[in-house]
1. Does the stretch 42-61 hold any residues that are at pLDDT below 95 and more than 21 Å from residue 104 (Cα to Cα), and which are they?
2. For the stretch 85-112, how many residues meet the condition of being farther than 17 Å from residue 50 by Cα and within 16 Å of ligand 1 (Cβ to nearest atom)?
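The values are calculated or read from the model by the stated rules, or taken from the named source; none is laboratory data. Bear in mind that the values here come from a model prediction, so they are computed numbers and not experimental data. Methodologically, a virtual Cβ is constructed for each residue, glycine included, from the backbone with ideal geometry; neighbour enumeration extends over all protein chains shown.
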Ligand SMILES: [Zn+2]
Ligand SMILES: [Zn+2]
Ligand SMILES: [Zn+2]
Ligand SMILES: [Zn+2]
């Protein structure tokens, strides 16, 4: 009897802890996505050693253009990717080596005036 009560209580505690974890994850996710507005999907894909899979971007790149939808203000890296090259800026090349996006050339959108 006592055992049963205890385990039920424990389960409730575990469930509560899990909910907290999920909430913390969601908050972290929201924070990271708002911060991730800095670079375009294509630059991020490039950094990961991949090509952007967005159909809109694939189409644009086929035509040697930047995707107007995802890159309303294309950075040097966006333009290089569109041309099928790696950006030649030293800062960008160095960032890419570290598997990072060059923050100097791909600034956060929030900091830009519209
Ligand atoms: Zn893209
Ligand atoms: Zn796109
Ligand atoms: Zn660049
Ligand atoms: Zn750069």
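1. 50, 51, listed by residue number.
2. 2
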